[in-house]
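The next block holds one structure in the form of structure tokens; read it before the comments.
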Amino acid sequence: MRMQKNRILFAIISILFVSLSGLSYTDFSGATSSAQTGEKITLVLPRKPDSFLAKWLNMIYTEAFKRLNMEFEYKYTSPQRCMFLSDSGKVDGELWRVYDYSSEHPNLIRVEESPFSNRFCAYATAPDIKLSGWESLGNTDYKVEYRRGQKKTHEKLPGIVKPENLSTINHWTHGMNRLIAGRTDIYVDIEWTINEALKSDEFKDSNIHIVGVMEIIPSHAFLHKKHKQLVPKLSAVLKEMKNEGLIEKYKAMAEK
């Protein structure tokens with residue numbers, strides 16, 4: 001009889017343990033998290049791990065997902081493969097895209113809070129070129145180049161620059177080398193990318209510099225639709241981190 005009672009008591013305790021383990025709780029950030037720890041989320045970025053932007057984003061989202069009781073993993077791959085992996089759900093989303101990226105990628109949901117903004121800038125070697133906004137390239141004879149596959153520049157430049165003066169390249173290093181060689185007058189790209197390249201031995205002594213800001217656009221993370229319920233939680237945590245000044249602190253750390 002005693003053995004039977006012990007078995008019943010053990011069964012009751014087991015049921016209670018399983019039930020309680022599925023409960024959620026609210027951590028100190030105010031975000032509701034699963035009581036089970038260690039869930040991993042993987043986001044991709046077309047920037048090498050040792051780049052400024054990758055370091056900065058890695059710090060931001062490691063902390064953000066930590067506050068959501070999740071383990072964050074960043075993976076580097078090409079821009080096209082980023083699209084394939086995130087669209088297909090083979091990874092959980094992307095770290096860094098422009099606001100309307102999901103208009104062409106409906107499987108992805110924008111995280112509304114933007115940790116920082118991108119500046120699309122025009123670069124040149126000539127000291128006398130001054131530009132401001134996309135339309136400032138209209139009615140000019142500058143030979144302009146931009147990176148193939150970059151959505152914003154592809155939307156803007158063909159409608160402003162004469163077709164015979166517009167060209168594309170596959171990588172920003174090609175665009176910068178063509179500026180130096182005098183084959184083009186203007187190269188347009190994202191500021192984070194080119195400013196970091198200008199610190200390298202290859203380009204630090206070049207005369208390449210910003211001659212105009214074309215547009216300032218907030219950057220956003222995008223999560224696959226399978227994480228729909230996570231999106232507003234991540235947005236709330238990013239806003240909290242901005243208010244704490246933590247994102248700017250991470251920026252200074254990444255720059256070092």
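Structural remarks
- Residues in segment 236-255 include none that are out of contact with any His (no Cβ under 9 Å at 6 or more places or on another chain), outside any helix (DSSP H, G or I) and aliphatic (A, V, I, L, M).
- Subset of segment 223-235 [open to solvent by less than 90 Å² (accessible area, probe 1.4 Å) and in a helix (DSSP H, G or I)]: His227, Val231, Pro232, Lys233, Leu234, Ser235
- Of the residues making up segment 75-110, those that are open to solvent by less than 30 Å² (accessible area, probe 1.4 Å), over 26 Å from Asn195 (Cα atoms) and assigned to a loop (DSSP other than H, G, I, E, B) are Gly89, Val91, Asp92, His105.
- For segment 135-222, the strands (runs of 3 or more DSSP E) that sit wholly inside it and include 3 or more residues that are under 20 Å from the mean Cα position of the chain (by Cα) are 186-190.
- The lone criterion from (1) among the charged types (D, E, K, R); (2) modelled with pLDDT of 95 or more; (3) buried (at least 16 other Cβ atoms within 10 Å of the Cβ); (4) within 22 Å of Ala126 (Cβ to Cβ) left unmet by Glu191 is number (2).
- Subset of segment 128-139 that is open to solvent by 30 Å² or more (accessible area, probe 1.4 Å) and touching a residue at least 24 places away in the same chain (Cβ under 8 Å) - its residue that is farthest from Gly212 (Cα to Cα): Glu135
- Residues in segment 141-169 that are of a type in the set (D, E, K, R), touching a helix residue (DSSP H, G or I) at 6+ places or on another chain (Cβ under 7 Å) and either under 20 Å from Pro46 (Cβ atoms) or crowded, with 19+ Cβ neighbours inside 10 Å (or both): Lys143, Glu145, Arg147, Lys156.
The values are calculated or read from the model by the stated rules, or taken from the named source; none is laboratory data. Computed from a prediction, not measured in an experiment: that's the story for all the values here. Note that we place each Cβ from the backbone using ideal geometry, even for glycine, and neighbour counts take in every protein chain shown. The protein model used for the area step is the full one, side chains on, heavy atoms only, and it has no ligands, DNA or RNA in it. Shrake-Rupley method; radii C 1.70, N 1.55, O 1.52, S 1.80 Å.
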